[in-house]
Amino acid sequence: MSIRCRFHMEYLVFIVLLILLHGSRGEVPTRPISAVTILPPVKPDDGPQAFPNADKANLPVFTMDYPRIQIPFEITLWVLLASFAKIGFHVYHKITIWVPESCLLISIGLIVGGIMFSVHEEPPAVLSSNVFFLYMLPPIVLDSGYFMPTRPFFENIGTVLWFAVVGTLWNSIGIGMSLFAICQIEAFGVQDINLQENLLFATIISAVDPVAVLSVFEDVSVNEQLYIVVFGECLFNDAVTVVLYNMFNFVAEMPVVEPVDVFLGVARFFVVGLGGMGFGVLFGFVAAFTTRFTSRVREIEPLFIFMYSYLAYLVAELFAISSIMAIVTCALTMKYYVEENVSQRSCTTIRHVVKMLGSISETLIFFFLGVVTITTEHEWNWGYILFTLLFAFIWRGLGVLVLTQIINPFRTIPFNMKDQFGLAYGGLRGAISFALVFTLPDNIGRKQLFVTATIAIILFTVFLQGISIRPLIEYINVRRTNRNLDTINVEVHCRLMEHTIAGIEDLCGQWSHFYWKDKFMKFNNRILRRILIRDNRAESSIVALYKKLELQNAMEILDTVTGDISAAPSIVSLYRGNKVAAKPKKKFKAADLKNMHDILSKNMYKIRQRTVAFTGKHALPNDSQTKEILIRRHASIRRSLRPGSFQTTVVPKSHKYFSLPAGKSLDSKFPPGRLSYTGETLKPLLTPQHLMSPFDFTLIWQKTSFLLHLDTTSPFKTK
Amino acid sequence: MGSNSSNMNHIPDGQQLLQDTGFSAAQIIRLYERFEFLDKDNTGHLRPEDLETVPDLDMNPIGARIIGAFFPPGKETLDFGSFVRILAHFLPADSNRTRAGAQQEPANSTTGKLRFAFQLYDQDRDGKISRDELLQVLRSMLGLQVTEEQLQCIAERAIQEADADKDDAISFDEFRKSLEKVDIDHKMSIRFLR
């Protein structure tokens, strides 16, 4: 699998680089400040460089042609530099706990920018608006959209839209008006900024940025509801920002504003928002439909995902509607159907590449934010900038307060004060504002001031709020009592109770959204699945997931065969000491207790909801918990179907390939006698406490595909 | 609420449930809608299979036990009254309105909630959590990397901590005592929609 995967990745990275190259070559800088370092490539003479002039006497043995490769070379170097910075942070792990990665990257960018400034070199025009919006932003948004947990998202969609639309409007208008009031004061010397320009600027800086927020939130364990709302708000306020920005831009050039323009603005908002979603859904369905026919060309399956989502983004940009919404809805729609159609490997490749591209883009963005900060010309105005910071903060806080008051009655789980604080404080601004401010037309007199103010806000929010949000949230949260004071009993029973509550809540259902979800699922099963999915059998979720997971599971077991054998020494001693189960009154030392607590805390299944520490933006989602539960459950179902042909504990005992029975070595061969075809599907794979050498892999593999014949559905098709 | 009680007329035992449990009329109506939704073939009774169709309940490590709690041994069907009475265990204790005729302890008191949790362990209803029962629950809640020996140790320790009368099993009183520091009401309550 690894060779294939590498091939895919190289292929895709190559394409990305090509695109970048092409883009930056054709780039015309929109702002006069930082010129393009990219020299136009020297046209090579006819014929290869090795023979430039016919009249040269000697054959040049060693030549160098830098301008030819300059652009891709520089791009690669920048990407590598940013990635090295990222590696560097994780070497010293403690730093990333307290300082979010975005801050670190900006700092490194600042340093590099300082170096470049002192050498009087200009940075590449990467953060010009075209490059940013067309090349750097889509991968990040695709990453966010693809891995968005759909169920909580749709359950909270009302809240998300409420905050995104009304919240952004509130912020923009509020900040704009207050700044305009400030401008009237003579002392600050900014009287020449009129109302429209203030509103325009306010729109730019009220755009909460997904990149910045998510990279901070991943480090802080926030509860799922909060995460979804902030996440969704970031993604969807793009629609509002685009509309407002264009509207105020247009209006800033007009002397008089008429009511019909406001009305048109509202209409435009709907066009933008719904149009974006519509395009996204359309492209998502087309992508799903395409993958229905790709069973013969597995190698290029991941390509479709990327091409279609990028296409959705570009088409939305073409019509000046919300491209972020387009790509997010495309990814959401696509994911469900595509993951059923494509092969296992393509699925993995897609996830990996999406994560990789998103990660690279994000790193680059923050990095260049730092670089360009140093190298642009600034116009500083104490009064204006400080008041901007103040108002941004105040209006966001007020906005969250008021809006939650209004929407709380409609929510199943209302937001308490801690959540509201998280919402308000977590509104970081980032690169989107930055790029937007650079696209301001030059006829706005105070553009430099706006640029400086935007940078100031971004740095302020990212650094100050980003660094302080974690300790503040920890301080505000009532933490659980110190784990070591809890007894084992309490820990186990509490977890049981939490699972019970989660189960009962599921049983009672999420009432408010249930009706629509149910209708949609019916429509989905009847019509959509039949069109978009290749082998459409109405399967129960358990069976379908089981098949896929069983395959993955088989691969993983064999992957980790030579893995971690190191059982903690105390456990081994416990094993030896506890052979007789009915031994009364074992004495447990403190070290054993601590081990037990560790085992419990690491291995107990997490609750579906509640305070979930998200696995982190940069990690792939971890579904081993689901796998294990489903495997167990399926095992118990099969057990109940065929009483008597199973041993009592089939599954749990057998996964323990970590524990070496006494006397066995790593290379004990898999005794072929254990293989049996009838009924005991899981046994051969999961042989109790015998380790398999890799040579048995092929043997097991063949057996697996045969054995996954489930008696309730049609035979499993190997993909 | 006066206007809602007229809607409750079609709910079996509606008024009785209003009195016995702590639910409001609106909540009972909602629960009835949910009950009807789960009852796919409209028999007025739920069977275990109906409850198993609830998504995410199969992802729950103790999902089967929770469903089992609704169907005590011997009962194959669940009517609406029993459904509501069991769910009443999860009301927050402060929503106890003074009800005329509240004889025994309400279901959503701490004891009631603890008893529900206890019965999740004690599948054979002998009033004690034996070592085996504890092991089963532990096994289902812990990931597969935990070895059998580790499980045994944990179960052993749990019993040691709680077992006051040294009978190698945890009785209900011992269970309650081991959890005396925990805010049961907070942990075992659900916010039902109004």
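The values are calculated or read from the model by the stated rules, or taken from the named source; none is laboratory data. Model, not experiment: these values are computed from the prediction. All Cβ positions, even for glycine, are placed from backbone atoms using ideal geometry, and neighbour counts span all protein chains on display. Just so you know, the surface numbers come from the protein's heavy atoms only, side chains and all, with ligands and any DNA or RNA stripped out. Shrake-Rupley method; radii C 1.70, N 1.55, O 1.52, S 1.80 Å.
A few notes on this one:
- Close pairs from segment B:123-149: first under 18 Å from B:Ala69 (Cα atoms) and within 8 Å of chain A (Cβ to nearest Cβ), partner at pLDDT 85 or above and open to solvent by less than 40 Å² (accessible area, probe 1.4 Å), Cβ under 6 Å, at least 6 apart: B:Val137/B:Tyr121
- Subset of segment B:150-159 [at the interface with chain A (Cβ under 7 Å from one of its Cβ atoms) and among the small types (Gly, Ala, Ser)]: B:Ala158
- Here B:His45 passes the criteria (1) under 12 Å from the mean Cα position of the chain (by Cα); (2) open to solvent by 20 Å² or more (accessible area, probe 1.4 Å) except the one numbered (1).
- Residue within segment B:49-56 that is open to solvent by less than 30 Å² (accessible area, probe 1.4 Å), closer than 20 Å to B:Ala117 by Cα, not assigned by the TED database to the domain that holds B:Leu142 and not in a loop (DSSP other than H, G, I, E, B) present: yes
- Boolean, B:Phe116 is at pLDDT 85 or above and among the aromatic types (Phe, Trp, Tyr): yes
- Test: residue in segment A:383-397 that is closer than 29 Å to A:Ser118 by Cα, free of Cβ contacts under 8 Å to residues at least 24 places away in the same chain and open to solvent by 70 Å² or more (accessible area, probe 1.4 Å): yes
- Where A:Ser178 falls short, out of the listed (1) surrounded by fewer than 18 Cβ atoms within 10 Å (Cβ to Cβ); (2) assigned to a helix (DSSP H, G or I): (1)
- Candidate set from segment A:181-197 (those that are at pLDDT below 85 and in a helix (DSSP H, G or I)); member that is farthest from A:Ile467 (Cα to Cα): A:Glu186
- Of the residues making up segment A:319-335, not a single one is part of a helix (DSSP H, G or I) and surrounded by fewer than 19 Cβ atoms within 10 Å (Cβ to Cβ).
- Of all the criteria given as (1) crowded, with 19+ Cβ neighbours inside 10 Å; (2) modelled with pLDDT of 80 or more, the one not satisfied by A:Asn58 is (1).
- Search result, residues across segment B:9-48 that are within 14 Å of another protein chain (Cβ to nearest Cβ) and of a type in the set (A, V, I, L, M): B:Ala26, B:Ile28, B:Ile29, B:Leu31, B:Leu38, B:Leu46
- In this entry, A:Arg351 is excluded by the filter for residues that are of a type in the set (D, E, K, R) and over 19 Å from the mean Cα position of the chain (by Cα).
- A:Cys234 fulfils the conditions (1) in contact with a helix residue (DSSP H, G or I) (Cβ under 6 Å, 6 or more places away or on another chain); (2) modelled with pLDDT under 80 except for a single criterion, (2).
- Residue, surrounded by the fewest Cβ atoms within 10 Å (Cβ to Cβ), within segment B:160-190, restricted to residues that are aliphatic (A, V, I, L, M) and more than 9 Å from chain A (Cβ to nearest Cβ): B:Ala164
- When B:Thr147 is tested against (1) modelled with pLDDT under 85; (2) within 21 Å of B:Gln19 (Cα to Cα); (3) surrounded by 19 or more Cβ atoms within 10 Å (Cβ to Cβ), exactly one condition is not met: (2).
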